[in-house]
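The values are calculated or read from the model by the stated rules, or taken from the named source; none is laboratory data. A quick note: this is a predicted structure, and the numbers were derived from the prediction, not measured. FYI the Cβ positions are ideal-geometry reconstructions off the backbone, even for glycines, and counts take in every protein chain you see. In case anyone asks, the SASA skips ligands and DNA or RNA and just uses the protein heavy atoms, side chains included. Shrake-Rupley method; radii C 1.70, N 1.55, O 1.52, S 1.80 Å.
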Amino acid sequence: MAKTSPSPKPAAAKQVDVLKLAAEIIECLKYRVGKEPSVATRHDWLTASIKVVRDRVIDRWIDSTRRAYDQNGKRVYYLSMEFLIGRLMRDAFSNLGLMDSMREALAIHDVDIDIIAALEPDAALGNGGLGRLAACFMESMASVDIPAHGYGIRYVHGLFRQEIHDGWQVELPETWLEHGNPWEFERREGAYEVGFGGKVASITSKDGRLERHVWKPNERFLAVAFDTPVVGWRGKRVNTLRLWSAMPVDPILLDAFNAGDHIGALRESNKAEALTRVLYPADSHQAGQELRLRQEYFFSAASIQDIVRRHLSQNESLSSLPEKAAIHLNDTHPAIAVAELMRLLMDVHGHDFDEAWHITRHTFAYTNHTLLPEALESWPVPLFERLLPRHMQIIYAINAEILLKARSSDDFTEDQVRSISLIHEDGERRVRMGNLAFVGAFSVNGVSALHTDLMKETVFADLHKLYPNRINNKTNGITPRRWLLQCNPGLVGLLRETIGDRFMDDIDALRDLDAYADDTAFQERFAAVKRANKEQLVGLVADRMGIRLDPSALFDVQIKRIHEYKRQLLNIIETVALYDQIRSRPEKDWLPRVKFFAGKAAPSYHNAKLIIKLANDVARVINSDPSVRGLLKVVFLPNYNVSMAEVIIPAADLSEQISTAGLEASGTGNMKFALNGALTIGTLDGANVEIRECVGDENIVIFGLKADEVAARRAEGHNPRAVIEASQELRQALEAISSGVFSPDQPDLYKDLIGGLYEHDWFMVAVDFDSYADAQRRVDGIWRESPRWYGMTIRNTARVGWFSSDRTIRQYANEIWKVPA
Ligand code: D6G
């Protein structure tokens, strides 16, 4: 993964003194790692290098924190169960303009920065898009100079490590903290108690009036803060990512220990450890277990206590909270924070319900990330009541308000009232976290224009009717620092020579590249950069998998979580169809293509794991078939993570964004590929719709049903069997898969998976197949006309600056949070 990142000019005019840095590294190695250079391991060099740069971060960090206190303006609090950070070293070095100097300083000691950089573990505290978005947002908030804190959980084990054994996904624990984490600072003084269970007592006044409630939990844990500085571009501002770790209030129960119960004595300690030990590996579907609800409450409660403490350290009362704090809920996972703030306001700080509700409703904002019914969180009422009895009461009280509001309007039918209720009443009674977040927030946003429209029409239709101004759109974005400047130094070098450096600070300046899109000399240089990036990926695949690839082939890439709605299956089936054609018409002038897949499946998601197995089986058969003559190769790269994405994306020619229309809320991979000069083949789904608007219809390959057509087909009950019968190419591919051509040892392995396409085809794989295959042949045609291909891909890079997360964050700041940006 050797890469040279460009550096901005040092923030201070003076050139950073390389010799001074080199000396500092040795100092640090000696006094903070305790080693001399001759015995230092690569990890020691990594730690020393990070600490030397970290010292420079700290000055700015303290300065930023102090500025926020001095100004006592509004702060943003971003609550997210996931932060998919990846590696931080290159981010910090490059944002501070120290990349080149550190490279030279380390070279003086004969240390290759790229080698030690590759040792930094990926902080994989997230599953996919939602967590990576939170990480991009943190970087952008610092870059556009917003005083902001991220709040989440310091999982000891992030997302599992994926190995592929005989084609099957095997999950192994991930151990990112194994060598310590030089970026974090433990803040024992920043610890809060978080309780569970127990009872609610009512305190009454002498004359018998109810004064307030007191929750007496029967379990208590400490939430201890671990702070990581988040460096904005050019070090302008350094914000704090505060992750909570659970610790026992009593590390050892001495009574039990003295009585000889040595294991029982550690009960509290073990329970605390379990609370923040593992990230739930479910993406876009319901986890459902009690531990998950405990995690959600644990980090929300600690964060709200911290926010309240900070506010009261500078302000007289919590009445002014809405003017000083915007608390953002990244999805419903922290939605319980709404009830927790209500509890603190009423039970601890003496506000009455109306005041508390006013403050709460003007402080929270909520982002919805999915319309998939299985991903909308809800909790059984008995579980909720047992773990959080006071919060349950508060939720009933809020619900009474909402239902009254709806019922007092003639417009609402009883069905509509039931749908906006915070409690789902049909069958098992459940608390609906989406509805709680919606009513507790002053702003509810979707993450792409299409997604936001669909929210208004589907999941939140009735709440939207009750609060017609609440839903708004904020199309997702990606930080161009990580997803262009750091990951694609070759392209950045070419851009700087061609259009100057302005785009590094103002991404919209990429537009200037449009003028070069049809310039032959520029196209050749653009192609050469892509070629070099592809060679790097070829090297990675050779090292890790022993597969040899031809860098002149078309690199066709689908990397993301494995999910039926994302339709890796559609891509695999088309691969099989292409394989059939290459064999049956060997005389045709076939275009060399490599199909790349990478991604993890939720461990409990049967079909997703089967799709991984199928991709691997298809790869094995095709890659070893001599009659294919290397024209088609299939690669499933194990253990996809942020660092791997940073190598794959700059090397991609074709970006697969082929979800069933209406189901992918936004996507952000689509933006990363387009920015790095790949052509998109995609459906009109999520942010693809807006990417098409930005790059122009002629610079993207669109296929398939549109969202309304998918909905209509689902509603009327379509006939996928007839569709399959009508398409010879599809039928043959499906028959090959279901008859065991790719799984000779288990011929029936894929029968049910493929059978589902004949029966219901819920995700419209069969229905969209012909249109997808046609689109792929259109891609072939464009690839053959090289000037046209590069004209299109250059225009993609030139025109997608709008998808910078700086733009997204400025919109949040101006339109939701009301903070200057
Ligand atoms: C961060 C940055 C550090 C600051 C600390 C506490 O670790 O400079 O002192 O947060 O800040 P508050 O949480 O008290 O605002």
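Take peptides 504-510, 37-43, 659-665 and line them up by average Cβ neighbours within 10 Å, highest first, as a rough protection proxy. Walk me through the intermediate numbers first.
Values: 504-510: 17.6, 37-43: 13.0, 659-665: 26.1.
Output ranking for 504-510, 37-43, 659-665: 659-665, 504-510, 37-43.
Of all the accessible heavy-atom surface of the stretch 188-297, with the other protein chains kept in place and a 1.4 Å probe, what percent is carbon and sulfur? Mind dumping the intermediate values first?
Details: 2820 of 5380 Å².
So the carbon and sulfur contribution to the accessible surface is 52 percent.
Subtract the Cα-Cα distance of ILE115 and HIS358 from 0.36 nm times their separation in residues, and report this length gain in nm to one decimal.
Working: separation 243, 0.36 × 243 = 87.48 nm, distance 5.41 nm.
Net length gain for the segment: 82.1 nm.
Per-residue HN-Hα couplings for the stretch 640-648, Karplus 6.51 cos²θ - 1.76 cosθ + 1.60 at θ = phi - 60°, whole Hz, x for Gly and Pro?
4, 8, 4, 5, 5, 4, 5, 8, 6
Calculate, for the chain, the solvent-accessible area per residue in square angstrom, rolling a 1.4 angstrom probe over the heavy atoms of the protein chains.
That works out to 37 Å² per residue.
With unit charges on the beta carbon (Lys/Arg positive, Asp/Glu negative), name the residue among SER49, VAL618, TYR297 whose Cα is farthest towards the positive pole of the charge dipole of the chain.
Comparing the listed Cα positions along the dipole, SER49 ranks first.
Please list, in chain and number order, the residues 5+ apart from ASN181 or on another chain whose amide H is under 5 Å from its amide H, with Hs placed from the backbone.
HN-HN under 5 Å from ASN181: empty list.
Once the Cα gyration tensor of the stretch 170-276 is found, what semi-axes does its equivalent ellipsoid get, as square roots of 5 times the eigenvalues, in whole Å, sorted largest first?
With the √(5λ) rule applied to the stretch 170-276, the semi-axes are 35, 26, 12 Å.
So what are the ³J(HN,Hα) numbers for the stretch 209-222, from phi and the Karplus equation (6.51, -1.76, 1.60; θ = phi - 60°), rounded to whole Hz, Gly and Pro as x?
7, 5, 8, 6, 9, 10, 8, 10, x, 9, 10, 9, 10, 9
Holding the Cα-Cα limit at 28 Å, pick out from LYS199/LYS405; LYS456/LYS613; LYS465/LYS706; LYS51/LYS271; LYS474/LYS595; LYS588/LYS672 the pairs that are longer than that.
Listed pairs above 28 Å: LYS199/LYS405; LYS456/LYS613; LYS51/LYS271; LYS474/LYS595; LYS588/LYS672.
Add +1 for every Lys or Arg and -1 for every Asp or Glu among the other residues with Cβ under 15 Å from the Cβ of ASP250, and state the total.
Taking every other residue near ASP250 into account, the sum is -3.
For the stretch 133-176, list log₁₀ I(q)/I(0) at each q in 0.33 Å⁻¹, using the Debye formula over Cα point scatterers of equal strength and ignoring solvent, two decimals each.
Values, matching the q order: -1.07.
What length, rounded to one decimal in nm, is gained on full extension from LEU591 through to SER727, with 0.36 nm per residue of separation minus their alpha-carbon distance?
Answer, rounded to one decimal: 46.7 nm.
Between beta-carbons, use under 10 Å as the cut-off and find the net charge around PRO322, counting Lys and Arg +1, Asp and Glu -1.
+3
Modelled label-to-label distance, SER38 and GLU785, 7 Å Cα→beta-carbon offset: nm?
My value for the distance between the label points is 6.7 nm.
Would you list, by chain and number, the aspartates and glutamates whose Cα falls below 17 Å from the Cα of LYS324, excluding same-chain residues fewer than 8 positions away?
Counting by Cα, and skipping residues close in sequence, LYS324 has these aspartates and glutamates nearby: ASP70, ASP145, ASP306, GLU316, GLU355, GLU815.
Taking the Cβ-Cβ separation of ASP770 and TYR69 as r and a Förster radius of 45 Å, what is the calculated FRET efficiency to the nearest 0.05?
0.15
Which FRET efficiency value, to the nearest 0.05, is calculated for GLU425 and LYS199 with the Förster distance at 30 angstrom and r the Cβ-Cβ distance?
0.75
5 Å is the cut-off here: which amide hydrogens, built 1.01 Å from N in the peptide plane, fall below it relative to LEU632, excluding neighbours closer than 5 in sequence?
ARG593
In nm, what is the difference between 0.36 nm times the number of residues separating SER408 and ARG778 and their Cα-Cα distance?
127.5 nm
Would you mind working out the magnitude of the charge dipole of the chain relative to its Cα centre, with +1 at each Lys and Arg C-beta and -1 at each Asp and Glu C-beta, to the nearest 20 Debye? Please list the in-between numbers first.
On the way: 99 positive and 112 negative charges, 299 e Å.
That gives the chain a dipole magnitude of about 1440 debye.
With a 1.4 Å probe and all protein chains in place, put LYS216, LYS633 in order of accessible area, largest first. Mind dumping the intermediate values first?
Values: LYS216 120, LYS633 45 Å².
From most exposed to least exposed: LYS216, LYS633.
Accessible area of the stretch 331-451 with a 1.4 Å probe: how many percent of it is carbon plus sulfur?
With neighbouring chains kept in place, the figure for the stretch 331-451 is 51 percent.
Could you run the Karplus curve 6.51 cos²θ - 1.76 cosθ + 1.60 with θ = phi - 60° over the stretch 494-505 and give me ³J(HN,Hα) per residue in whole Hz, x for Gly and Pro?
So the J values, rounded to whole Hz, are 5, 5, 4, 5, 8, 10, x, 8, 4, 4, 5, 9.
So for TRP45, TRP762, what's the accessible-area order with a 1.4 Å probe, most first?
I get TRP762, TRP45, largest accessible area first.
Treating the Cα atoms of the stretch 14-132 as identical point scatterers in vacuum, please give the log10 of the normalised Debye intensity I(q)/I(0) at q = 0.21 Å⁻¹, two decimals.
Reported log10 I(q)/I(0), two decimals: -1.16.
Please identify the trypsin sites (Lys or Arg not before Pro) of the stretch 398-494 that satisfy two criteria: DSSP loop assignment and at most 12 other Cβ atoms within 10 Å. Which are they?
For trypsin sites (Lys or Arg not before Pro) across the stretch 398-494 that sit outside H, G, I, E and B with at most 12 neighbouring Cβ atoms in 10 Å, the list is empty.
With a point put 7 Å past each Cα toward its Cβ, work out how far LYS30 is from LEU383 in nm, to one decimal.
5.7 nm
Restricting to DSSP H runs of at least four residues, report the calculated mean residue ellipticity at 222 nm for the chain, -39500 (n - 2.57) per run over all residues, nearest 500 deg cm²/dmol.
My calculation for the chain gives -13500 deg cm²/dmol from helical runs alone.
Label points 7 Å out from Cα along the Cβ direction at ARG212 and ALA527: separation in nm?
7.3 nm
In a shell of Cβ-Cβ distance under 11 Å around THR47, excluding THR47 itself, what net charge do Lys and Arg (+1) and Asp and Glu (-1) give?
Neighbourhood net charge equals +3.
Please state, to two decimals, what the Cα-based radius of gyration of the chain comes to when divided by 2.2 N^0.38 Å (N = residues).
0.97
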